[in-house]
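Contents: one structure, followed by commentary.
Since every read-out is calculated from the coordinates, none of them should be taken as a lab result. Every value quoted in this text rests on a predicted model; they were computed, and no experiment measured them. Here the Cβ is made from the backbone with ideal geometry for all residues, glycine too, and neighbour counts use every protein chain on show.
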Amino acid sequence: MAKMKNLTRLLIVVLLLLLTSLFLPPPSFCQSSTGKIPKDIAQTPIPKLLDFGRGKCIPCKAMAPILKELSEEYKDRAIIMIIEIDQETKLTEANRIRLIPTQIFFDAKNKEVLRHEGFMSKDDIKKVFQKMGVQ
């Protein structure tokens, strides 16, 4: 009887794992407009910061002027791009965004270096770029 209960439990666990894997999106590593980085941005060999958010989100609104300022400050040394999740759904899904705002830092070879969820201050962004070697 105990063997039957253990076998039933094992079958339930295996079935749950199979069902879960069917509904999770596969990871995407391609560098296209439906990949992790927009194709035109991926072709530029400098570090990148993609900020995923929504214009109505209060922390996203607070970060917008910071990101614009940093974009000008790091011009030609890093790309800083705001991604509207409602307009870029495939890119949002490919990056598995679960909370906004989310900032993803990529190195010059488009490898994800750091992911941060929530508001990120100007100083904290600059510290990450500094650790990445962006001066």
>> Kindly evaluate Val128 against the criterion of being in contact with a Phe, Trp or Tyr (Cβ under 6 Å, 6 or more places away or on another chain), in contact (Cβ under 8 Å) with a residue 12 or more places away in the chain and under 18 Å from Ala42 (Cβ atoms).
In response: no
> Considering only residues of segment 94-110 that are among the β-branched types (Val, Ile, Thr) and assigned to a loop (DSSP other than H, G, I, E, B), which is nearest to the chain's Cα centre (by Cα)?
Replying inline: Ile97
> Of all residues in segment 82-135 being buried (at least 18 other Cβ atoms within 10 Å of the Cβ) and not hydrophobic (A, V, I, L, M, F, W, C), which is farthest from Lys36 (Cα to Cα)?
Replying inline: Pro101
> Out of all the residues in segment 34-53, which are surrounded by fewer than 16 Cβ atoms within 10 Å (Cβ to Cβ) and under 14 Å from the mean Cα position of the chain (by Cα)?
Replying inline: Thr34
>> Among the residues of segment 54-81, what is the count of those that are surrounded by fewer than 18 Cβ atoms within 10 Å (Cβ to Cβ) and in contact with a Leu (Cβ under 6 Å, 6 or more places away or on another chain)?
In response: 1
> Somewhere in segment 85-93, is a residue of a type in the set (A, V, I, L, M) and either over 16 Å from Ile104 (Cβ atoms) or over 17 Å from the mean Cα position of the chain (by Cα) (or both)?
Replying inline: no
> Does segment 48-80 hold any residues that are hydrophobic (A, V, I, L, M, F, W, C), more than 14 Å from Leu99 (Cα to Cα), in contact with a strand residue (DSSP E or B) (Cβ under 6 Å, 6 or more places away or on another chain) and in a helix (DSSP H, G or I), and which are they?
Replying inline: Leu67, Leu70
